[in-house]
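Take a look at the structure set out below.
The values are calculated or read from the model by the stated rules, or taken from the named source; none is laboratory data. What you see is a predicted model; the values in this text were computed from it and never measured. Note: ideal-geometry Cβ built from the backbone for every residue, glycine included; neighbour counts use all protein chains shown. For the accessible areas, the whole protein counts, side chains as well, though only heavy atoms, and no ligand, DNA or RNA atoms are used. Shrake-Rupley method; radii C 1.70, N 1.55, O 1.52, S 1.80 Å.
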Amino acid sequence: MAAYALKINGRTHTVDVDPDTPLLWAIRDGAGLMGTKYGCGVAQCGACTVFVDGNTVRSCSLPVSAVGTSEVTTIEGLRGREGAAVQQAWVALDVPQCGYCQSGQVMSATSLLSKNPKPTDRDIDLAMTGNICRCATYVRIRAAIHQAAKSLEG
């Protein structure tokens, strides 16, 4: 066990865990932030997607010892124009069904719009490939990303 001071959503959380503990469990059990979900545990479904220094990562497969002084952002700490636009579009188009994967979907969509403000369907499909929705809300997810992109224009 070792103590790690993790910067999550602008606050420092000290967690005492094994160095190989996935970041996901430090976020959920250590920081008490439950928005990031456990899905597959092998970085294949995207339910656990967070930002580490602004880049999307699968927190279920990133050891807490690899985070260092990086800033971790979870769905609870999502801020900025793109994040707000995505969240508003998600609500407006009633995207979630069961909702389990949605925090990861929103994080990936926000990352996409931060890098590409006018994504095509193909851009969206490529960016969201690693996020699996067992309810198959992919059509609404794509529509919400287009709506969020449109709301960011001008």
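General remarks:
- Selection from Ala5, Gly39, Ala26, by position along the positive dipole direction of the chain (Cβ): Gly39
- Kirkwood-based shape ratio for region 21-101, expressed as Rg/Rh from alpha carbons: 0.97
- Annotation: per residue accessible area for region 2-77 equals 44 Å², rounded to a whole number [probe 1.4 Å, protein chains only].
- The C-alpha atoms of the chain define a longest principal axis, and helix 102-115 lies at about 70 degrees to it.
- Each peptide in 103-114, 4-15, 44-55 gets a packing score, the mean of other Cβ atoms within 10 Å over its residues, and the list from highest to lowest is 103-114, 44-55, 4-15.
- Rounded to the nearest 500, the helix-only mean residue ellipticity at 222 nm of the chain stands at -10000 deg cm²/dmol, with each DSSP H run of n ≥ 4 adding -39,500 (n - 2.57).
- Ellipsoid semi-axes in whole angstrom, largest first, where each is sqrt(5λ) of the Cα gyration tensor of the chain: 28, 16, 12
- Reciprocal mean inverse distance between Cα atoms of region 1-57 - Kirkwood radius, Å: 11.8 Å
- At full extension, Glu76 and Cys98 could sit 6.1 nm farther apart than now, given 0.36 nm per residue minus the alpha carbon distance.
- Cross-link reach is defined here as a Cα-Cα straight distance under 14 Å, omitting same-chain residues fewer than 8 places apart; for Lys37 the aspartates and glutamates meeting it are Asp29, Glu76.
- With coordinates expressed along the principal axes, the C-alpha atoms belonging to region 81-152 extend over 27, 23, 17 Å, beginning with the largest.
- Lys, Arg +1 and Asp, Glu -1 on Cβ, resulting dipole of region 2-77 about Cα centre, debye, nearest 20: 200 debye
- Nearest 10 degrees, 0 to 90: helix 81-92 Cα axis against the chain principal axis: 60 degrees
- Region 3-154, relative contact order in percent, only Cα pairs under 8 angstrom and at least six apart counted: 24 percent
- Eligible aspartates and glutamates near Lys115 by straight Cα distance, threshold 16 Å, same-chain separation 8 or greater: Asp53, Glu82, Asp123, Asp125, Glu153
- Taking 21 Å as the straight-line reach from the Cα of Lys118, the lysines in range (excluding those fewer than 8 positions away in the same chain) are Lys150.
- Element breakdown for region 1-92 at a 1.4 angstrom probe: carbon and sulfur atoms account for 50% of the accessible area.
- Within region 42-83, backbone nitrogen closer than 11 Å to the virtual label 7 Å beyond the Cα of Ala2 toward Cβ: 64-68
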